[in-house]
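Engineer: Structure incoming, see below.
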Amino acid sequence: MRITTAVPDDLDQLLAFRVEAASWISQLGSDQWSRPYPADRLLATIVAGTVFMLRDGNRTAGTITLTPKAEEGLWSAEELMETSIFVNKLTVSRDYAGEDLGGKLLDWAGDRAYRSSAKWLRLDAWTSNTALQRYYLQHDFEYVRTVREGGAINGGPRVSGWLAQRPARPAEHGFEDQTPGPQSL
């Protein structure tokens, strides 16, 4: 399998992944990703070069978004002084369930963060999705805290404020990386 940078033609696939993931998560009892993600916002992240696709031949097996910029209101000023790469929208096609491609994508992301001189690979997860939180803990992330206030809508409750991090580190992820090398932070 190989990792490539997403292109605008990947937009429909990414939106379909989101719908597929939301349906699966709903069956597990979570409302995560139940609202459609705005296509224009997703396209902007593709154009910015922060979205990566895991390809298996002509099929797309997964995706991950990496950015050096944290979502506002989650991390403290002191934490933000430490160079970090932030994981967003990690999604694996249900066709590849059980292969731990998500874990391998996290290893790839940690390796990329390390090569960009970041200290941390960080993420925020849905505050009520304890299965997802356990998943990240099983992949060597350490719980930092849960931020419940200051959501995007009128500063109300935050739905994705469970914070975790792990040190950026080199990793053998097993993918052919066809992306441009990371920029140093």
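Read-outs throughout are calculated quantities, based only on the coordinates presented, and are distinct from any laboratory measurement. Bear in mind that the values here come from a model prediction, so they are computed numbers and not experimental data. Counting neighbours? That spans all protein chains shown, and the Cβs are built from the backbone with ideal geometry, glycine included.
Engineer: Charges at C-beta only: +1 for Lys and Arg, -1 for Asp and Glu. How large is the resulting dipole of segment 2-120 about its Cα centre, in Debye rounded to 20?
Structural biologist: Taking the Cα centre of segment 2-120 as origin, the dipole is about 220 debye.
Engineer: Of Phe17, Val47, Val87, whose Cα points farthest to the positive end of the dipole of segment 2-120 (charges on the beta-carbon: +1 Lys, Arg; -1 Asp, Glu; origin at the Cα centre)?
Structural biologist: Projecting each Cα onto the dipole axis, the largest value belongs to Val47.
Engineer: Give me the percent of Cα-Cα pairs in segment 2-120 that sit more than 26 Å apart, rounded to a whole number.
Structural biologist: I get 22 percent for the Cα pairs in segment 2-120 exceeding 26 Å.
Engineer: For each of Tyr136, Tyr96, count neighbouring Cβ atoms within 10 Å of the residue's Cβ, then give the residues from fewest to most.
Structural biologist: Tyr96, Tyr136
Engineer: Exposure proxy check: Ser117, Ser84 ranked by fewest other beta carbons within 10 Å?
Structural biologist: Ser117, Ser84
Engineer: Residue-wise, which Karplus ³J(HN,Hα) couplings in Hz belong to segment 75-85, taking 6.51 cos²θ - 1.76 cosθ + 1.60, θ = phi - 60°, and x for glycine or proline?
Structural biologist: Each residue's phi maps through the Karplus curve to give 9, 6, 4, 5, 5, 6, 6, 8, 5, 9, 10 Hz.
Engineer: A further question follows. Please give me, ordered by residue number, the trypsin sites (Lys or Arg not before Pro) of segment 54-126 that lie in loop per DSSP and have at most 12 other Cβ atoms within 10 Å.
Structural biologist: Lys69
Engineer: Give me the lysines in straight-line cross-link reach of Lys104: C-alpha distance below 16 Å, same-chain residues under 8 apart excluded.
Structural biologist: Cross-link targets: Lys89.
Engineer: Let me test this: with uniform point scatterers at the alpha carbons of segment 41-185, what is the Debye-based log₁₀ I(q)/I(0) at q = 0.08, 0.12, 0.18, 0.19 1/Å?
Structural biologist: -0.21, -0.49, -1.14, -1.26
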